[in-house]
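The values are calculated or read from the model by the stated rules, or taken from the named source; none is laboratory data. Since this is a predicted model, take the numbers as computed values, not measurements. Counting neighbours? That spans all protein chains shown, and the Cβs are built from the backbone with ideal geometry, glycine included.
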Amino acid sequence: MASINYKYGDLAQRRSVHKNPTSTSQAHSNTPPLVLTEEDTHLAISHGVNGILISNHGGRQLDSAISTLDALPECVAAAKGRIPIHIDGGIRRGSDIFKALALGADGVWIGRIPIWGLVYDGQAGVELALQILYEEFVLCMGLAGCRNVGEIGRGHLARVGLDGRVSKL
């Protein structure tokens, strides 16, 4: 895994130039790289970032790379509410947004879906793709008994073990 700390020294300089809050991302700006682990999260917080982005930026193309949804709970636990946590990558359906929010994400980025819509039918395709995603999310909320986003929590998720047993998270 790439080291997260190779650009942290530039953080103070970037803050002196940019007035917006500094969070971490690799492909979206020149800020520090991937945040996928508890250690990455502690390091980011120790360097004073205002938020982190859980992202593997295509890392699933590599053998055995962790998914962003699998990395999220560890990072949320490490942050202990001190900074906002957003997730990027692996979001393909409204239920993925629901899962990310239930696991503690403060925000969910959906980069590929609008691009697919754009390729399909330009602006109308983007609007359609986002509408479908929204409807899937609202349906998932309803099926889980959630009337609003604030009601989404870990208790709405379960995991199936290798023995076939279902357990709450």
Practice task
Answer with yes or no whether R82 is assigned to a loop (DSSP other than H, G, I, E, B), in the same structural domain as D40 (by TED's automatic domain parsing), of a type in the set (K, R) and surrounded by fewer than 18 Cβ atoms within 10 Å (Cβ to Cβ).
Solution key: yes
Problem - Long-range neighbours under 9 Å by Cβ, at least six apart or interchain, first residue free of Cβ contacts under 8 Å to residues at least 12 places away in the same chain within the range 83-99, second part of a loop (DSSP other than H, G, I, E, B) - result: none
Exercise for the section: Take L69 and decide whether it is assigned by TED's automatic domain parsing to the domain that holds E38, within 18 Å of I52 (Cβ to Cβ) and in contact with a helix residue (DSSP H, G or I) (Cβ under 7 Å, 6 or more places away or on another chain). Expected result: yes
Practice task
Just one of (1) crowded, with 16+ Cβ neighbours inside 10 Å; (2) within 23 Å of V35 (Cβ to Cβ) trips up G107, so point out which.
Solution key: (1)
Handout entry: Selection count where residues are of a type outside the set (V, I, T) and under 14 Å from D96 (Cα atoms), scope the range 113-142
Key = 9
Exercise for the section: Answer yes or no as to whether V160 is more than 16 Å from the chain's Cα centre (by Cα), surrounded by fewer than 11 Cβ atoms within 10 Å (Cβ to Cβ) and either among the polar types (S, T, N, Q) or not assigned by TED's automatic domain parsing to the domain that holds E39 (or both). Expected result: yes
